[in-house]
1. Based on the Cα coordinates of the chain, what is the per residue volume of their convex hull in Å³?
2. Taking the DSSP beta bridges in the chain as the whole, what percent of them are antiparallel, to the nearest 5?
3. Looking at the range 104-170, which trypsin sites (Lys or Arg not before Pro) are in a loop (DSSP not H, G, I, E or B) and have at most 12 other Cβ atoms within 10 Å?
4. To the nearest 500 deg cm²/dmol, what mean residue ellipticity at 222 nm is calculated for the chain from DSSP H runs of n ≥ 4 alone, each contributing -39,500 (n - 2.57), summed and divided by the residues?
5. Could you work out the Rg to Rh ratio of the range 136-287, with Rh taken as the Kirkwood radius (inverse of the mean 1/r over all Cα pairs)?
6. Roughly what percent of Cα-Cα pairs across the range 203-296 reach past 22 Å?
7. How big is the range 1-105 by the Kirkwood estimate over distinct Cα pairs, in Å?
8. Treating the beta-carbon of each Lys and Arg as +1 and of each Asp and Glu as -1, no other charges, what is the dipole magnitude of the range 136-287 about its Cα centre, to the nearest 20 debye?
Amino acid sequence: MANYYNEQTILFLDGEYVAAKDAKVDLYSQSLHYGYSVFEGIRSYKTAAGTTKIFKEVEHFERLKHSAQSLNMPFPWKVEALIKATYEVLSRNGIHDAYIRPLVYAPANMSFAKNEVSHITIQAWEMAPFLGDKLLRIMTSSFQRPNPKGFKITAKASGHYVNSIMASQEAKSKGFDEALLTDMNGFVAEGPGANLFFEKDGKLFTPSTGNILPGITRATVLELCKEMDVEVEEKQCTMEELKSADAAFFCGTAAEIVGFESIDSYKFPKPWNRTISKVIQTNYKNLVTEKQGALV
Ligand code: PMP
């Protein structure tokens, strides 16, 4: 398990900077009992110039706001103020390459009624890429992603992650590195915490929105492809298409970009180092660290 905090760690809680070891949460919170909270996963990087930069901070805090509003949770904070608070958390903890976790949660409430207030905490810790940096052996999950008619699927809501936990645990218990979930109609959807792209004959494909969390890294990959003049198609993708692809990868803030070795018994045939996906992986790393120079 990662070490999230120690005696010295400072977090942001409802406008204050407090020691993580002293921070308290109400055990009667509606969030704890029902999974009714929303969060973000953000990264900051030490740039090539030596500064600390939170990648796509506006997009992440706007999504946090969108997630809260989608779930009818009060969100009285300004995005700019939350960004400022996040830089302050990084600075008070003396960390640069950080994984940042804002969480908006509910007060004590055992009913299903709306709340008048929300709480917010922003935490940060150092964390290596979530899924490692080796090519992944992926398993098609027996779990499907939540039905968009049952959940606000574009919200990053805590309760949705019970599905992610079940899928990931199943894959790992069967000896795989991670799961890939289909949507309720059996089309390829996403990983437990990352979006998917695959490559075939020099073109990229990714599941269209509607049944997935529209990731900020996914949007970044789409932008990179445009700049690189690589054709990408967003569509409903079948498992058969994925299992005839040359290469594939997961992308997400925590995972960054990580290639696949295989899915179930299908081994992706193209050596990773010769794929466009690998070039995108390099360009993504250069982008987040603001490394000067053209796209490779
Ligand atoms: N899908 C799911 C289910 C996720 O949890 C994440 C991580 N937030 C992503 C996709 C990727 O999103 P992003 O690129 O915004 O981190």
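1. On the way: hull volume 39.1 nm³, N = 296.
Cα convex hull per residue, to the nearest whole number: 132 Å³.
2. Working: 40 of 51 bridges.
Counting only bridges with both partners in the chain, antiparallel ones make up about 80 percent.
3. On the way: sites: LYS114, LYS134, ARG137, LYS149, LYS152, LYS156; in loops: LYS114, LYS134, LYS149, LYS152, LYS156.
Here the trypsin sites (Lys or Arg not before Pro) that fit, given the DSSP loop and packing criteria, are LYS114, LYS134, LYS149.
4. Details: 7 runs with 77 residues, N = 296.
Counting only the DSSP helices, I get -8000 deg cm²/dmol.
5. Numbers: Rg = 14.3 Å, Rh = 15.3 Å.
My calculation of the ratio gives 0.94.
6. Values: 1145 of 4371 pairs.
That fraction is 26 percent.
7. Working: mean 1/r = 0.0675 Å⁻¹.
About 14.8 Å for the range 1-105.
8. Working: 18 positive and 19 negative charges, 65 e Å.
Dipole of the range 136-287, to the nearest 20 debye: 320 debye.
The values are calculated or read from the model by the stated rules, or taken from the named source; none is laboratory data. Computed from a predicted structure; not experimentally measured. Glycine also receives a Cβ, built like all others from the backbone with ideal geometry; neighbour counts cover every protein chain displayed. Note: accessible area is taken over every heavy atom of the protein model, side chains too, but ligands, DNA and RNA are not part of it. Shrake-Rupley method; radii C 1.70, N 1.55, O 1.52, S 1.80 Å.
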